[in-house]
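Inspection log for the structure reproduced underneath, given as structure tokens.
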Amino acid sequence: MGSLGALMKHPDDFYPLLKLKMAARNAEKQIPSEPRWGFCFSMLHKVSRSFALVIQQLDTELRHAVCIFYLVLRALDTVEDDTSVAADVKVPILIDFYRHIYDPDWHFSCGTKEYKVLMDQFHHVSAAFLELEKGYQEAIEDITLRMGAGMAKFICKEVETVDDYDEYCHYVAGLVGLGLSKLFHAYGSEDLAPESLSNSMGLFLQKTNIIRDYLEDINEIPKSRMFWPRQIWSKYVKKLEDLKDEENSVKAVQCLNDMVTNALLHVDDCLKYMSALRDPAIFRFCAIPQIMAIGTLALCYNNIKVFRGVVKMRRGLTAKVIDRTKSMTDVYGAFYDFSCILKAKVDKNDPNAQKTVSRLDSILKTCRDSGVLNKRKSYIIENQSNYTPFVVVLLFIIFAIFLVNLNPNWPNN
């Protein structure tokens, strides 16, 4: 949760943080009692607490289908990510994974911590999958087949060009966008979105994660994971791992800005996709991660800390995004504000400055052309707080007492 210092700097975070904590507790209480479904939703909370919160936006039937879809692909991703598993063992598993989801006895030991538990007890996921309606099963099978084949391809292939980068991101994330669109359509509340738009929804999130997670991936043991395309990073350094060296700080930031500029290509498609959604719950489910992504890019851009440690949005701002994203007005407003923040950070001497500004101007124009910017109050670009330090400290104390009563293990959880 937010520290006293963060709350003093951003006192408006207090209420959204409180609501977020209550929502998290409520989500945990709603975990089904049936063993297979209980395992699936408990595991969802362990492998992605943020996704477990966002999925609560959905109706029960669709929530179950999306939960299983997520866990199946998370298991597939765990196989791909485990660098201790030999390629000749890994590739056949990835290719055949779409068959394994129909086998309630199948499991494969790999991964660490909660991911190992997921893989060791994957039979619970298979059992829940087999209870889904046929339309959901077919969508999940199709995407698992295509993703497994794509991951297997890149086990033996480096990400050399920007086209390779787009292809890899398509397999590991664009297909997630396609799969979700199929699930929404099977549920009956949405038209089947164009594949190009669904793909962009996934690529924008995946590229943001790849940018943010540079240091974690490059330091992976026993073998580094390298997803930044050589076509981009080779313009700045001889080896991708050189970006983390202090003597290469200027070049590292220029490379980072190049990567962010590439990710911005997908924003207009994402806005088109979200503007076509009709179901309010599905809209919130899709919109919240996209706003988090543009916010993360605004934070990462021109920021050497990406090569030194963890860079992420503060918890309070995340809580505000979750609390206040209800319509396209909110989406256009958030994308506009974060794009303005990002544009203000562009150094005119950066090699890609002109391209970055051009892409940001396109996003800003789309948001202005929506005609709704004057109908919202920004929570991203904040005005001076009217709270006194005394009031802020008092709020924090009340907040802490509430959390301790809610969970005796806080703040250690």
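The values are calculated or read from the model by the stated rules, or taken from the named source; none is laboratory data. No experiment lies behind these values; they were computed from the predicted model shown. Every residue, glycine among them, receives a Cβ derived from its backbone with ideal geometry; neighbour counts consider all protein chains shown. Note: areas computed on protein heavy atoms with side chains; ligands, DNA, RNA excluded. Shrake-Rupley method; radii C 1.70, N 1.55, O 1.52, S 1.80 Å.
A few remarks follow.
- Unit charges at the beta carbon, dipole of the chain: most positive-side option, Y236, A65, Y336: Y336
- Long hydrophobic helices in the chain, taken as whole DSSP H segments with a C-alpha length of 15 Å or more on their own axis and mean Kyte-Doolittle hydropathy at least 1.6: 389-406.
- Computed over the chain, relative contact order equals 17 percent, with contacts defined as Cα pairs under 8 Å that lie 6+ residues apart.
- Residues of segment 94-117 with amide N under 15 Å of the 7 Å Cα→Cβ point at I221: 112-113
- About its Cα centre, the dipole of segment 28-157 is roughly 380 debye, where the only charges are +1 on Lys and Arg Cβ and -1 on Asp and Glu Cβ.
- The tail of the calculated P(r) for the chain beyond 40 Å holds 16 percent of all Cα-Cα pairs.
- Restricting segment 59-163 to trypsin sites (Lys or Arg not before Pro) that sit in a DSSP loop and have at most 14 other Cβ atoms within 10 Å of their own Cβ leaves K157.
- Pairs spanning more than 30 Å between alpha-carbon atoms, out of K182/K305; K90/K113; K153/K320: K182/K305; K153/K320.
- Between the beta carbons of R49 and K365, assuming R0 = 41 Å, the FRET efficiency works out to 0.70 to the nearest 0.05.
- Using a Förster distance of 41 Å, the FRET efficiency for S42-S249 (Cβ separation, nearest 0.05): 0.45
- Theoretical gain in end-to-end length, K113 to Q354 [0.36 nm per residue, Cα-Cα removed]: 82.3 nm
- Label-to-label distance, nm, for residues given as D142 and E61 (7 Å Cα→Cβ offset): 1.9
- Heavy-atom accessible surface of segment 14-84: percent carbon and sulfur, 1.4 Å: 49
- Placing a pseudo-label 7 Å from each Cα along the Cα-to-Cβ vector at K312 and Q231 gives an inter-label distance of 3.1 nm.
- Pairs beyond 29 Å (Cα-Cα), from K29/K326; K19/K345; K312/K343: K19/K345
- Global form of segment 28-157, assessed from the alpha-carbon gyration tensor, a/c cut-off 1.5: prolate
- Evaluated with a Cβ-only charge set (Lys, Arg +1; Asp, Glu -1), the chain carries a dipole of roughly 1560 debye about its Cα centre, given to the nearest 20.
- Length added when fully stretched, A86-A127, from 0.36 nm per residue minus Cα-Cα: 11.9 nm
- Contour excess over end-to-end distance, with Cα ends at E241 and A281 and 0.36 nm allotted per residue: 10.2 nm
- Pair I31, I381: separation of 7 Å Cα→Cβ label points (nm): 4.3
- Alpha-carbon centroid distance for the pair segment 103-135 / segment 159-189, whole angstrom: 22
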